[in-house]
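Structure first, then comments.
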Amino acid sequence: MGFSNEELLFLSDLFKTPSEPQIPKNQKLTVQSVIPNQIAHLFNNAKLTLLAEVGQYQLWFPLEFKSNRDGIFTPVLSAPEVIDTHGVKRSWRWDKLNIKSDDFNIESISSTGIVLKSTNKRVMLHCNQQVQFDLPNKQHITLTVEPVRQSRQGIAAKITHIHEGKEHLRAYLFNVHKRQYANLYSGISAS
């Protein structure tokens, strides 16, 4: 995971000091900076994303800055959206599930779509229906879905809104992706 030259230049310009500090030999460089008041407001509500590429997948990490009382900003990364770039770019889908909702078995899920199979032939998926379930890690998810198509595999639906558990769903999918494609992640360390 790295920054582009443009991103590095932008970030370095934000934290530039008037004089270059001298670093003694054998000392690790650490940077702490107070963002000038004139631009601090830009970071309070900034919606930034870092892109990392792993094999045929793109990992889009949401990045936000939290500030303390002294005005020092700390970057905070959340679990990424995993995008499969092979063929049509779309959110990566996990299909080896054993999750049940009230009237449906969840056959596959991504952070943007879901495939449901009715447990009762009389139950149909209506436009903009709310679905609730617990992930295998016991995190509760509540989302609104809109049916797109129906086949023998189930009802494919677009997730129109995640009411509860958006971060949990994204983290779950990322962790499953890391386990399934461990070979792609070998040699990558988080610091």
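Of the residues making up segment 152-181, those that are modelled with pLDDT under 90 and either open to solvent by 60 Å² or more (accessible area, probe 1.4 Å) or of a type in the set (A, V, I, L, M, F, W, C) (or both) are ARG152, GLN153, ILE155.
Looking at GLU146, is it more than 21 Å from ARG179 (Cβ to Cβ) and open to solvent by 50 Å² or more (accessible area, probe 1.4 Å)?
So GLU146 fits the description; yes.
Scanning segment 131-143 for residues that are over 16 Å from SER108 (Cα atoms) and surrounded by 14 or more Cβ atoms within 10 Å (Cβ to Cβ) gives a single hit, GLN139. Evaluation of GLU81 against the conditions (1) modelled with pLDDT of 70 or more; (2) touching a Gly at 6+ places or on another chain (Cβ under 6 Å); (3) not hydroxyl-bearing (Ser, Thr, Tyr) shows that the sole unmet condition is (2).
The values are calculated or read from the model by the stated rules, or taken from the named source; none is laboratory data. Quantities reported herein were computed from a predicted structural model and do not represent experimental measurements. Cβ: placed from backbone, ideal geometry, glycine included. Neighbour counts: every protein chain shown. Just so you know, the surface numbers come from the protein's heavy atoms only, side chains and all, with ligands and any DNA or RNA stripped out. Shrake-Rupley method; radii C 1.70, N 1.55, O 1.52, S 1.80 Å.
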